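In what follows, a single structure is set out as structure tokens and then discussed.
What follows draws every value from the coordinates through simple rules; no lab data is involved. These numbers come from a predicted model, not from an experiment.
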């Protein structure tokens, strides 16, 4: 593994190695001294062409906990807004001595381009590209589910037989795509639930089931985990695509309210990648319930990103080339 | 053991057992009992060795009728300390998998920590372990127990408890096999020309 571009690229063994490493990293984060030395002297660049607070902070915290220096580059107010190309930006960063690039970009495929075009020679980590992939989010979600499922003895385990329901705007969601790929690799059984307008063409060949009816899915599928995707209010208007008639209607049919929360099996967890629209896709009751793992997902995110940075960067360069 | 033609057995199962018993008693003698004692094994093979020494310490304490203040089981006496992220050769090798670290519930602050490893060679592993310890707490003292000291130190480090001093040349390799990981107990010395290992997954240890 030289780059992390897509959750679909990970084999079962690689995914489990990342999750196991993250488990060790998480352990160290309960100590008084959270900083570890393996990336001492290295520089990680956060190259963010799209607004993001939590993902950027999470990567920044992860890199700093491993003793790397972090340079944050956001497109706003930078040379990019003056028209600089991705290639020139990348080469500028490489010339400054970046050892790894974490990239978020509104265009699907930009991280892949950066990794394979030969502009730079460092590992590239995809922190979300367009409507394509967000692999570290899928990894932290899988990590959260695995911990809840296997408790203390998670090492080496996958998610075989876990039943997961993902609800919401699948069409625009890189979180949904990454999760479907990784969960299928780890053996989980996934159902996507969305209004027909918010399911992409071609989703029927994905390794998961599809449904338009949330209540029926909860009743039939008895999920171990239900993941609510963020729905943007502007998708409602005709300018935003007119994907659903009103927030109220969406919330009634696809929101996780008190009644649906009670209909879930007792052990089921409620997940959300954040930021949440309380009252739209998730009720405050569900978001604040003891089953909600929203806050846990954030702290798990740091551990998972530490694991990814460690596995991509800590070893010798030559070995990384051999592995690819 | 099929290693007769491939290396010399320098410690047999009973040798290892006697060495560990002696180390356990030396630890008790020097620290005047098991109070405030924490044994930390360095994975891979230091971890099961620490548990074996710990079990001997517990049984010796009980037999002598001493109080076992605060030490109610092996898990509160023995832990494991992974030093991978503190190694100074991290970037010279392919990325290493991390091993679990487990610190006994009482922590290590103001305790006497005995590091346990299988082979003491360059001393670099122990230096890494000392760094790892300082991230976790501040012990009253740190001591070192090893099954084999093969010499050739590259750092000013020495062991407090040694199972066997084994004069070696740098070109030789010392292989420790433990029941818990390799199915058999033995320490084997391989000469320079010993290339083929037998069927076990034992690792050649140069740490």
>> So if the hydrodynamic radius of chain B is defined as the Kirkwood radius over C-alpha pairs, what does Stokes-Einstein give as its diffusion coefficient at 20 °C and 1.002 mPa s, in µm² per second?
In response: 123 µm²/s
> What percentage of all Cα-Cα pairs in the range A:131-204 are separated by more than 17 Å?
Replying inline: 42 percent
>> Need one number: the % of Cα-Cα pairs in the protein assembly as shown sitting beyond the 42 Å mark.
In response: 32 percent
> Roughly what percent of Cα-Cα pairs across the range A:69-108 reach past 14 Å?
Replying inline: 49 percent
>> Can you divide the C-alpha Rg of the range A:1-89 by 2.2 N^0.38 Å and report the result to two decimal places?
In response: 1.30
> Per the Debye formula with a single identical scatterer at each Cα and no solvent contribution, what log10 I(q)/I(0) holds for the range A:135-293 at q = 0.11 Å⁻¹?
Replying inline: -0.39
> Relative to the longest principal Cα axis of chain A, at what angle does helix A:135-150 sit, 0 to 90 degrees, rounded to 10?
Replying inline: 60 degrees
> Mind listing the Cα extents of the range A:63-136 along all three principal axes, in Å, largest one first?
Replying inline: 31, 27, 25
> Against the longest alpha carbon principal axis of chain A, how many degrees, from 0 to 90 and to the nearest 10, is the axis of helix A:174-185 turned?
Replying inline: 90 degrees
> Can you pull the Kirkwood radius for the range B:85-177, inverse mean 1/r over Cα pairs, to one decimal in Å?
Replying inline: 14.6 Å
